[in-house]
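The values are calculated or read from the model by the stated rules, or taken from the named source; none is laboratory data. What you see is a predicted model, and the numbers here were worked out from it, not measured in a lab. Counting neighbours? That spans all protein chains shown, and the Cβs are built from the backbone with ideal geometry, glycine included.
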Amino acid sequence: MLIGIIIIAFGSIQSTTCNKLISSELGELESGNFIYYKYPQNINFRLELDSLVGDCDLYVSDRYQYVNYTNYDLQSTTCGKDEISIDHDLKRPIYASVFAHPYYSSCKYVLNQFADPEEADLINSENEDLNESDETGEKESTLWWLLINLLEVIAEIFL
Ligand SMILES: *[C@@H]1O[C@H](CO)[C@@H](O)[C@H](O)[C@H]1NC(C)=O
Ligand SMILES: *[C@@H]1O[C@H](CO)[C@@H](O)[C@H](O)[C@H]1NC(C)=O
């Protein structure tokens, strides 16, 4: 009984290492297509790909920006959860791609990035979704920032 509790406690300590969620991407891909991501941070981390619908595979490289099933350094192509741990054997930035296995008509996935909490504290750059430009998002947040500042100025004048 006591030993059981100790084992369970130890197990949960083990599973909390490398467990701080750094980023999470939810996506959907048509059969046979790739989507590409870039991880610039100079930390050790783990990528975990869950296929919610269909079967998605994960490829990683430090050499090929558009990493695929012929040009990659690490791969995980199981039917269930795909996991790749990335340490300093690979240069940064890290390129990753999700591939929708052609056996299914599409794949829906969650791609999570985990790191040790101490590693996570060292992060000072953003990931990039190589398939999307964030320009509109940035413009919108700048506008909000201006509006909030304006409201603050107005509030100060009247109070
Ligand atoms: C992502 O971008 C690459 C290169 O521009 C393109 O080949 C690929 O089809 C795109 N994938 C999706 C899902 O848009
Ligand atoms: C994989 O990528 C390489 C170089 O980036 C390219 O030459 C090759 O055609 C690609 N293969 C597939 C199957 O897309």
(message) Is it the case, given these coordinates, that VAL98 is under 18 Å from GLY27 (Cβ atoms), within 15 Å of ligand 2 (Cβ to nearest atom) and surrounded by 13 or more Cβ atoms within 10 Å (Cβ to Cβ)?
(response) yes
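Per-residue answers, yes or no, for (1) within 14 Å of ligand 2 (Cβ to nearest atom); (2) surrounded by fewer than 20 Cβ atoms within 10 Å (Cβ to Cβ); (3) of a type in the set (S, T, N, Q):
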{"position": "ASN42", "(1), (2), (3)": "no, yes, yes"}
{"position": "ASP50", "(1), (2), (3)": "no, yes, no"}
{"position": "GLN65", "(1), (2), (3)": "yes, yes, yes"}
{"position": "GLN75", "(1), (2), (3)": "yes, yes, yes"}
{"position": "GLY80", "(1), (2), (3)": "no, yes, no"}
{"position": "ASP87", "(1), (2), (3)": "no, yes, no"}
(request) Identify all residues within the stretch 15-71 that are over 24 Å from GLU119 (Cα atoms), among the β-branched types (Val, Ile, Thr) and at pLDDT below 95; write none if there are none. (result) VAL53
